[in-house]
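Presented below is the structure to which this report refers.
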Amino acid sequence: MTAGRRVVVVGGSIAGWTTATALRTRGYDGQITVVERETRCYDRPPLSKTALVDSASIDDLAFADAADIAAQRIDVVCGRRVTELHVAGPSVVLDDGTRLDADTVVLATGARARQPSFPGADLPGVTTLRTYADAMTLHGLIGRRVAVVGAGLIGAEAAAALRTAGSDVVLIDPHEVPGAHAFGPTLAAHLHAMHAENGVRTHTGRVRSVVRSGAALRVTLDDGAAFDVDGVLVGTGVELDTALAEHAGIEVDGGILVDDAGRTSAPGVFAVGDATCRRSSGAPTPSRGHWDAARLDGLAAAAAIVGAQPDPRRADWFWSDRYGHHIEVVGDMAGAGDEVTRPGIHPAVFRVADGRLLAAASVDDPMAVRAARRLIDRAVPVEVDRLVDPGVPLRTLLPRA
């Protein structure tokens with residue numbers, strides 16, 4: 001089914017790219033144009049993992065090569081920014097003055113790294129990690145001294161990658177147990193301990209300042225501790241890119257407000273990915289900011305654009321890699337319910353409420369998380385005693401067909 005003559009997708013990361021390709025899969029035969037400010041439409045998760053260490057080319061990270069793009073009949077405009085969105089039409093204007101009229105515009109504007117505010121944050125050698133260029137800057141610090149500020153997902157992964165590649169790393173975070181919101185307190189503590197076990201110095205505190213000290217950068221914390229390093233990576237969160245929507249008069253409340261299919265308050269304008277916030281019966285629910293959540297947004301929007309029913313939304317899922325270990329999480333480990341633990345070399349943790357599994361996280365056991373996701377999606381009753389028993393495979397808790 002064809003929904004119109006052109007869909008313009010603003011942003012070519014996973015949410016935007018999935019929207020474009022899913023439109024073709026759904027049978028849309030109009031024109032599809034993806035506008036991406038960088039030189040390629042590429043995958044971001046490897047930036048804090050393999051790309052940082054291996055110096056992979058941006059073509060290695062690209063979702064498709066020129067032949068694949070041509071085969072899908074997607075027009076990709078890279079190296080250009082959308083500077084204006086007009087909801088009447090709708091249409092967008094690029095930074096070179098080009099105007100693209102459309103039947104539907106999809107905003108996949110994502111987020112940008114939050115810029116640090118401490119004195120010295122603008123010095124050469126202090127960087128964030130959000131783009132391929134950022135990853136290549138950090139690649140130049142392999143084997144050197146690095147301070148990583150912020151031990152969330154990006155900071156922890158980058159610290160692990162740099163340390164594994166031979167850098168001398170100090171990891172700084174204001175929390176004794178970083179990552180509890182993502183992994184729950186038990187697994188977060190276990191994962192944070194991996195840093196020290198692998199030779200990363202961890203320090204609890206906040207950065208007071210960064211100054212140039214000879215050839216080095218001196219990072220001073222609020223408790224007076226100081227570290228001389230060759231580079232500083234700041235990974236203290238992101239800021240949602242909602243400017244186009246706001247300037248166009250589209251409703252924004254902690255993100256671009258959308259329904260379950262990505263429709264905004266402006267007819268013909270959808271939004272997907274990190275920059276969105278879903279309308280609900282209570283307070284709006286912000287995007288989880290994870291790769292799979294953004295991908296599912298793109299699939300739902302593509303279905304709605306062609307007038308189809310989106311597939312049922314599964315429980316949120318994400319992964320992280322560090323020191324040769326693979327961590328997976330399904331559901332909200334900071335949500336309702338009680339945390340229970342399945343003991344092991346790496347503990348598996350679960351959140352349970354009223355006899356139902358709400359979230360799960362494990363290390364090097366993706367099959368357990370796959371089974372947990374099915375338990376959550378199907379709202380299968382669980383017995384806590386069996387859930388925490390290492391001798392009971394999670395898949396056996398699923399009812400037989």
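The values are calculated or read from the model by the stated rules, or taken from the named source; none is laboratory data. Predicted model only: the values in this text are computed from it and were never measured. Here the Cβ is made from the backbone with ideal geometry for all residues, glycine too, and neighbour counts use every protein chain on show.
Pairing residues of the stretch 300-325 that are β-branched (V, I, T) with residues that are assigned to a strand (DSSP E or B) and buried (at least 19 other Cβ atoms within 10 Å of the Cβ), at Cβ distances under 6 Å and at least 6 apart in sequence or on separate chains, gives I305/T104.
One residue stands out in the stretch 273-282 among those that are in contact with an Asp or Glu (Cβ under 9 Å, 6 or more places away or on another chain) and part of a loop (DSSP other than H, G, I, E, B): the one that is surrounded by the most Cβ atoms within 10 Å (Cβ to Cβ), namely G273. Could you list, in sequence order, all residues of the stretch 165-191 that are touching a helix residue (DSSP H, G or I) at 6+ places or on another chain (Cβ under 8 Å), more than 19 Å from P347 (Cα to Cα) and buried (at least 17 other Cβ atoms within 10 Å of the Cβ)? Residues satisfying the conditions are V169, L171, D173. Where helices (runs of 4 or more DSSP H) fall entirely within the stretch 4-71, those with at least 1 residues that are of a type in the set (S, T, Y) and crowded, with 16+ Cβ neighbours inside 10 Å are at 14-25, 50-54. Summed over the stretch 356-395, residues that are among the aliphatic types (A, V, I, L, M) and at positive phi total 1. Quick check: is even one residue across the stretch 231-247 touching a helix residue (DSSP H, G or I) at 6+ places or on another chain (Cβ under 8 Å), surrounded by fewer than 14 Cβ atoms within 10 Å (Cβ to Cβ) and either over 30 Å from S280 (Cα atoms) or at pLDDT 95 or above (or both)? No: zero hits. No other residue among R208, R218 is part of a strand (DSSP E or B), farther than 25 Å from H290 by Cβ, in contact (Cβ under 8 Å) with a residue 40 or more places away in the chain and among the basic types (K, R) apart from R208.
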